[in-house]
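Reviewing the structure listed below.
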Amino acid sequence: MQVILGNKRAPPLSTRAPFSLRKLPAHPEVIEAGRAALTKYGAGLSSVRFICGTQDIHKELEGKISQFHGHEDTVLYASCFDANAGLFEALLTEEDALFSDQLNHASIIDGVRLAKTNKHRYTHRNMSELEQLLKENQNRRLKIIVSDGVFSMDGNLAPLRDMCRLASDYGALVFLDECHATGILGATGRGTEERARLTGKVDIINSTLGKALGGAAGGYTTGPRELIDLLRQRSRPYLFSNSLPPAVVAMASKVCLLPTHQNIKLQKTNQTCHKA
């Protein structure tokens, strides 16, 4: 794209988002996978997942995402905004407590608002404040620390090592929104926990298929099988939204089979991120 100011031409502008650094939306194998699925399954399934909106390709993609993150199971959503909207309300009760970073993404904030639980907000990346809140809520049935992995507006990272230590000390779960990390951070693009060398320490991950993993649409929650089973029964955005279109699912599934990173670009991305 080029901007013309008066009779002068400005330098060309890129219309490609930074999350497309792997150029996957235009990868010929990704495009062909979408085309083949469109021919085989049609434009959409006209149904929610639990009626007749689940095809083999949906289950295959959920399996690939689970394997990618090293978790037991995964559930797909229309977007990660929906995944964040559907998680906390389904999981938490008035007996529980949630601890959210002050600068979390708007979708996390809206999802937290829906939950009928005890909510606490700590100053951005302030682990001393978080620990004090955890101390004051030690007797809660379930405790969950909620944070972005990468804070998109500031470009810094969650202090994940300290978060995991506190979670272990006080019996809490760790949740990360990895929309701005999946496919970008870590040696193989597995996000914040891989970059911090804490793979497997994050209990629940929400992320997107609409950025580095193909760039089309879709989101997901990945974590323990019991949690995913619960979400399939109680998460309203999952229950009452049509399933992802087959072409989108097929393209994302193809991305999971491609090399998981481009060494030079991922190395540069990891080096330019602020240290947690």
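Residue pairs exceeding 30 angstrom between C-alpha atoms, taken from LYS64/LYS135; LYS59/LYS211; LYS116/LYS201: LYS64/LYS135.
Accessible surface for region 106-152, divided over its residues, is 51 Å² per residue with a 1.4 Å probe.
Each residue, CYS52 and ASP154, gets one label point 7 Å from its Cα in the Cβ direction; the gap between the two is 5.0 nm. Inter-label distance, GLN102 to ALA36: 5.1 nm, where each label sits 7 Å from its Cα along the C-beta direction.
Within the chain, DSSP assigns beta bridges of which about 45% are antiparallel (rounded to the nearest 5). Nonpolar atom fraction for region 72-169, defined as the carbon and sulfur part of the 1.4 Å probe accessible area, stands at 43 percent. Residue ranges 232-240, 212-220 sort as 212-220, 232-240 when ordered by packing (mean number of other C-beta atoms within 10 Å per residue, highest first). Tell me the net charge near ARG236. Cut-off is 10 Å between Cβ atoms, ARG236 excluded, with +1 for each Lys or Arg and -1 for each Asp or Glu. With Lys, Arg at +1 and Asp, Glu at -1, the neighbours total -1. Each Lys or Arg adds one and each Asp or Glu subtracts one; over the other residues with Cβ under 11 Å from the Cβ of ARG165, this totals -1.
The values are calculated or read from the model by the stated rules, or taken from the named source; none is laboratory data. Worth saying up front: this structure is predicted, and the values here are computed from it rather than measured. Positions of Cβ are backbone-derived with ideal geometry, glycine not excepted, and every protein chain shown enters the neighbour counts. These area figures cover heavy atoms from the full protein model, side chains too; ligands, DNA and RNA do not enter into them. Shrake-Rupley method; radii C 1.70, N 1.55, O 1.52, S 1.80 Å.
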